[in-house]
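Colleague: Supplied in structure tokens, the structure appears directly below.
Taken together, the values in this text are just the output of simple stated rules run on the coordinates, not laboratory data. Bear in mind that the values here come from a model prediction, so they are computed numbers and not experimental data. Cβ placement follows ideal geometry from the backbone for every residue including glycine, while neighbour counts extend to all protein chains displayed.
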Amino acid sequence: MKFINYIKQLIEYNTNPSSKRFIGVVAGLSLCVYMFINPSESANNSVLILSLGALGITAYEKLIKK
């Protein structure tokens, strides 16, 4: 039950669901599973690009709001 509450808090921000966070979490988890099933250079690059992209978009949005 604690894990479900943690995932719910991760996806929501101020009790509002965030589609960007949901898609990021689902895509990240699916890429990590794929990377363990079929390890390759492209899988590693995909995880890296997804992580950098998610961090970059969030940082950009925070700068624009200020």
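Colleague: Sort the following peptides by mean Cβ neighbour count (other Cβ atoms within 10 Å, averaged over residues), highest first: 27-34, 39-46.
Modeller: 27-34, 39-46
Colleague: Using a basic spin-label model with each label point 7 Å from the Cα along Cα→Cβ, how many nm lie between Met35 and Leu55?
Modeller: Going by the 7 Å Cα→Cβ label model, 1.3 nm.
Colleague: At 0.36 nm per residue, minus the direct Cα-Cα distance, what do Ile23 and Asn5 gain on full extension? Give it in nm, one decimal, please.
Modeller: Between Ile23 and Asn5, full extension yields an extra 4.7 nm.
Colleague: Once phi is turned into ³J(HN,Hα) by the Karplus curve 6.51 cos²θ - 1.76 cosθ + 1.60 with θ = phi - 60°, what whole-Hz value does each residue of region 37-48 show in order, with x for glycine and proline?
Modeller: Listing the rounded values in order: 6, 10, x, 7, 5, 5, 5, 4, 5, 5, 5, 5 Hz.
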